[in-house]
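Please read the structure below before turning to the comments.
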Amino acid sequence: MPETVSPATTLMVAFILALLGGSVLKFWLATRQVRHVALHRTTVPVRFKAAVTLAAHQKAADYTIAKTRFGLLELALGAATLLGWTLLGGLDLLNQVLMEFVGPGMAQQIALLVAFALIGALIELPLACYSTFEIEEHFGFNKSSLRLWVADLLKSSVIGAAIGIPLVAMILWLMGAAGTQWWLWAWAVWMGFNLLLLMVYPTFIAPLFNQFKPLDDESLKNRVTSLMQRCGFAAKGLFVMDGSRRSAHANAYFTGFGAAKRVVFYDTLLAKLSPAEVDAVLAHELGHFKHRHILKRLGTLFVISLAGFALLGWLSSQSWFYAALGVQPNLSADAPNDALALLLFMLVLPVFTLFVAPIAASLSRNHEFEADTYAVQQTSAADLSSALLRLYEDNASTLTPDPIYVRFYYSHPPAGERLARMVRA
């Protein structure tokens, strides 16, 4: 009789094939994007010739190509790092070293998670620095000094540790103390944390990085307030953020949850758009709330995360899950594998869920179309079109992306599709 293939071998082979296949797919998509954008670099699309200069079009093409090629470097480093942590034994070695120096128990598990995060951050640090001070700098978007960039990095690390360590400690405690249904309790804690973060972020965390001043342009404030009242929307305040301190990119957004919602305009946005165009952009954001996109995304997050925690609850008790991914599970009763399970699951899950990316991107693009339609009904298609074109130009977003790349990655529709939909609306 043929020998039965072990679950560990099956998972290892599936992991290798999924990682290889996903990497090849991402490489193919990136090269398509580069070729397509480069091919259309010399000519502004006919429908945009009256609004976009050739110089702006070529800048957007060059910026897109540079970022996409840089993404290939990130792809290669990410795949190599993942193999290093798993099949090449990096995570197993780190676990054994910390077990020897710290001893088994909660302290060792938290130390493992912290050490993993620090090493991962150090690996990614050179690429993050290059992206900011080479690519963004070259195209005129970076306004951050090295000192401010480092300060932001340290600040975010401290805040992340202050928030993250108690959270993972709670989840690790539940994994060890709540029995076989620990994953259900952990999921409840995780979702409660996300909802709490939505409420506290705009008031307590965001101001640690940027200044938020009340909108003091009375004419614009009256326009915005009138629009929100007409749309049946209330916010805690209208604020201007000093986005120009770090970047030349422009944006506007809603943040917060429930009574803590606030409208935030980048100062770069207000400097570039007319009051009517600001109205149109704000109406687009209001459209997301009108169609309950935020609640729908939260609901999706609830369901997906519940399934994820349930899967983790099962895998964490299977010895082959660890062995297949290059980790020797702790065999002692006083040395739990909970932190190892969390890390392995976090590392491996994206490899097997690559197919989710185009589905999520498609849903997001549909939400953007719905928000555009709502904005056109509340303001005007001309104002929204001109605002979007200016933002596309100022943010160097290419007008000629590869269609397949768009379907796989783009969370926002390309300019041509958005403007065509507005005409029909």
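None of the figures in this text is laboratory data; all of them are computed from the coordinates on show. On a predicted model such as this, the values are computed, not experimentally measured, just so you know. Cβ placement follows ideal geometry from the backbone for every residue including glycine, while neighbour counts extend to all protein chains displayed.
Structure summary
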item: Cβ-based exposure ranking for LEU363, LEU20, LEU342, in which fewest neighbours within 10 Å come first; result: LEU20, LEU363, LEU342
item: Rounded tilt (10° steps) of 218-230 against the dominant C-alpha axis of the chain; result: 70 degrees
item: Relative contact order for the chain, counting Cα pairs under 8 Å that sit 6 or more residues apart, in percent; result: 24 percent
item: Fewest-first ranking of GLU136, GLU124, GLU100, using other Cβ atoms within 10 Å as the exposure measure; result: GLU100, GLU124, GLU136
item: Exposure proxy ranking, count of Cβ atoms within 10 Å, fewest first, for VAL168, VAL24; result: VAL24, VAL168
item: Calculated FRET efficiency for the pair PHE204/VAL303, C-beta based, R₀ 22 Å, to 0.05; result: 0.15
item: Helix 54-85 vs. the chain, principal-axis angle (Cα, 0 to 90°, nearest 10); result: 10 degrees
item: Cβ charges +1 (Lys, Arg) and -1 (Asp, Glu), total dipole of region 158-269, debye; result: 160 debye
item: Stretchable slack from PHE133 to SER274, in nm (0.36 nm times residue separation minus alpha-carbon distance); result: 47.7 nm
item: Added length on full extension, which subtracts the Cα-Cα distance from 0.36 nm per residue, LEU83 to THR42; result: 10.7 nm
item: Within the chain: Cβ-based charge dipole about Cα centre, in debye rounded to nearest 20 (Lys, Arg +1; Asp, Glu -1); result: 1260 debye
item: Set LYS221/LYS296; LYS155/LYS221; LYS213/LYS236; LYS236/LYS290; LYS59/LYS272; LYS26/LYS296 screened for pairs whose C-alpha atoms are more than 21 Å apart; result: LYS221/LYS296; LYS155/LYS221; LYS26/LYS296
item: In degrees, nearest ten, helix 381-394 long axis to first principal axis of the chain (Cα); result: 60 degrees
